[in-house]
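Derivation of every value follows stated rules applied to the coordinates shown; laboratory data play no part. Computed from a predicted model, the values in this text were never measured in an experiment. Cβ sites come from the backbone with ideal geometry, for glycine too, and all protein chains shown count toward neighbours.
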Amino acid sequence: MRDRSLAYVLLVPAFLIVLATTLYPLAYSLVTAFREWDLTKQRRPGEFVGVDNFVHAFSEPGFQNSIWITTIFVITSVILTLLIAMSLALLLRREGRLHTFTRIILILPFAMSPALIGVSYRFMFNPEFGVIAKGLGAVFPSLEGVPWLASPDLAMAILVLTDVWHWAPYMTFMCLGGLASVPRETEEAARIDGASSWRVFFGVVLPQMKGVLLVIAVLKTIFALKMFDQVVTLTGGGPGTSTETLAFFIFNVGFKWYDMGYASALAWILTAIMMLISIWYVRMLLSERKMATA
Amino acid sequence: MAEVQLVDVEKRYGDFLAVTRQNLTIKDGEFLVLLGPSGCGKTTTMRMIAGLEEITAGNLLFAGERVNDKAPKDRDIAMVFQNYGLYPHMTVADNIGYPLKLRGVDRKTRTARVQETAEKVELGALLKRRPSELSGGQRQRVALARAIVRTPKIFLMDEPLSNLDAKLRVTMRAELKHLHHELGVTTVYVTHDQMEAMTLAHRVAVMREGRIVQLDTPKNIYSEPADLFVASFIGSPPMNLIDGRISGGRFEAPGVSLPVEATDRDKVVMGIRPEDLELTDPASAPISGRVYALELTGDSTLVTLREQGSSICARGPADFEAAINTSCGLAPKPGARTHLFDKDSGQRIDA
């Protein structure tokens, strides 16, 4: 029994740290979400305003815009990441020195800081001296002088590109893991049963990777929903508000406009969206597992 | 249905020669077993026939037509894998029906064929289940059903029974044999289990280190092994192999002296099967030694004698009893076969 209480005592410091750094701010932001708090006027959260902050969100164009931007960003980035990761995994699946080497260097994009990725891409797409902008201009003269980051659609596309570039390699590893767990014999059986390579992949391999692909899709969705770093360092949310993701919008409300009550409410909306996705994901995963083991 | 011919077929992985210039003709409707220890190239040989492994050199012919460059799906074959290779995301019915679906057979015909095939292998009640809900024996039946749902030219079976428990293996073996009799399709069967080979095959190809060492009927392989390897591989318990020499028309070894019809020579191995030996009075026995172990197998007792480090096993009557370390004698039964091999080359010496 003494061992047990000692164990709890030893857990206390860790628990206190988590309490101070996570649970307390979380609870505080929930309290703030229901109050008016203008940082330029008050040092502490002010008057209780009920659900006003939440109601305000759904009638405000800035929030609606950021939801729309985030939705587009999440969908394109998740789909592209999945497609590229799966394709790369299929290419890298075979054994060989080149394959191993490629697999090793593939980790590099993932090892880079997202904020730095944003900075590098801003340089590379600079119409005056950017290596990509200039390079594209040299190969396709019609692309010379395109104001890449000054066009709303192109800026969005580049933002998606940086995110896919960052994440696809890591997801490739997950796909490789998934592929490795598909028994070779099922593929061979399909080939003998009369399936074309196409059918082998779509009819036999892909269905067996459903679990892994689901995990990738949900993880990537959650990461994409939080998209912030590259927005700050690459586009600054612009041009205009064309790349203002929800996380970036919340940051602006809180730390540019100092409307902490509203920012807290928005943060909780984002949290709610992520929670819903997580719950749906766990449900799917559990039912998948039930199917596999039943 | 088709005759399968391997002409000088070879398989290399880099510098490693996995299968060496294989020449083999599998007759139309024949049940041929490739038998050998692991790593002998039997599975590689089968996978080349299936098209899952490229052929490095030589020709593979189905009914006279060269199929080296044909994809597995175009070879009109069916294969049963050691780990079954069932599609885990499909029901039993969909698994069995998949080869038909891939060949564009309409749903109605498919359902009927699947039902009919499932009945044949006693799976009728399990069609809606998934492979993960089945026992090993049932999974094996699904794999079998998937292979026979359409009538291919050739059946390939890669150790299909090795993942089953001993009792089930015997049952399934009989089912396989019956099925082959019913369908009459040319079958190539890979196994390392000599019992499976003996019971199932029309002909057995015993393989070792990428070569066929002996290709013959089970009966001939048992009664006339071509070399020491085959002699030691076939039969359970294995054939006794005794090092010795021939002098004056007798085979001489420690504790052994038997008349043989062969010219004098040194470095000879005599082979004699345990079932060809009987127990006799130690005083006048041609083979003598001390009892080392007695093993009752039910219908008989395996008696192992030891003399100067070498042991000899004989199959005696079930009620035989003797104390360990007492003297005991053995003699070949009347009409029993003894086999002589050259110790260095391992080849059979014909009298």
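Rounded to the nearest whole Hz, the Karplus-based 3J(HN,Hα) values (6.51 cos²θ - 1.76 cosθ + 1.60, θ = phi - 60°) of the range A:252-263 follow the sequence 4, 4, x, 10, 10, 9, 6, 8, 5, x, 5, 4, with x at glycine and proline. Residues in the range A:8-15 carry Karplus couplings, in order, of 5, 4, 5, 7, 3, x, 4, 4 Hz; the curve used is 6.51 cos²θ - 1.76 cosθ + 1.60 with θ = phi - 60°, and Gly or Pro positions show x. Scanning residues 5 or more positions from A:Thr243 or on other chains, those with amide H under 5 Å from its amide H are A:Gly238, with H placed 1.01 Å from N in the peptide plane. Using C-alpha pairs under 8 Å with a sequence gap of at least 6, the mean separation divided by the residue count of the range B:216-271 gives a relative contact order of 29 percent. When the pairs B:Lys11/B:Lys70; A:Lys210/B:Lys128; B:Lys70/B:Lys177; B:Lys11/B:Lys153; B:Lys167/B:Lys333 are compared against a 26 Å limit on Cα-Cα distance, B:Lys70/B:Lys177; B:Lys167/B:Lys333 fall above it. The 3J(HN,Hα) values that the Karplus relation (6.51, -1.76, 1.60; θ = phi - 60°) gives for the range B:110-127 are, in residue order, 4, 4, 5, 5, 4, 4, 4, 5, 4, 4, 4, 10, 6, 10, x, 7, 10, 4 Hz. Gly and Pro appear as x.
Distance from the Cα centroid of the range B:1-40 to that of the range B:198-237 is 15 Å (rounded to whole angstrom). Between the range B:139-197 and the range A:39-86, what is the separation of their alpha carbon centroids in Å? The range B:139-197 and the range A:39-86 have Cα centres spaced 62 Å from each other. Averaged over residues, the count of other Cβ atoms within 10 Å places the peptides A:4-17, A:128-141, A:216-229 in the sequence A:216-229, A:128-141, A:4-17, highest first. Relative contact order, whole percent, for chain A stands at 28, derived from Cα pairs under 8 Å and 6 or more residues apart.
Counting only DSSP H runs of at least 4 residues, each contributing -39500 (n - 2.57), and dividing by the residue count of chain A, the helix-based mean residue ellipticity at 222 nm comes to -22500 deg cm²/dmol.
Amide H contacts for B:Arg12 (H built 1.01 Å from N in the peptide plane; partners 5 or more residues away or on another chain; cut-off under 5 Å): B:Ala18, B:Thr56. Working ranking of peptides B:209-215, B:14-20 by packing, defined as the average number of other Cβ atoms within 10 Å per residue, highest first, is B:209-215, B:14-20.
Think of the protein assembly as shown as a dipole: +1 on every Lys or Arg Cβ, -1 on every Asp or Glu Cβ, centred on the Cα centre; then among B:Met172, A:Ile84, B:Val260, A:Ile84 lies furthest on the positive end.
Projected label points at A:Ile279 and A:Ser87, each 7 Å from Cα along the beta carbon direction, are separated by 3.7 nanometres. Ordering A:Phe251, B:Leu6, A:Gly178 by Cα displacement along the dipole of the protein assembly as shown toward the positive end leaves A:Phe251 in first place; charges were set at the Cβ atoms of Lys, Arg (+1) and Asp, Glu (-1).
Spatially, the range A:166-191 and the range B:289-351 are offset by 54 Å when compared through their Cα centroids. Only one residue of B:Ala147, B:Ala197, B:Gly210 has its Cα farthest out toward the positive end of the dipole of the range B:4-232, where Lys and Arg carry +1 and Asp and Glu -1 on Cβ, and that residue is B:Ala147. Subtracting the Cα-Cα distance of A:Tyr8 and A:Glu95 from 0.36 nm times their residue separation leaves 26.4 nm of extension gain.
Relative contact order for the range B:250-307: what is it in percent, counting Cα pairs under 8 Å that are at least 6 residues apart? Relative contact order here is 29 percent.
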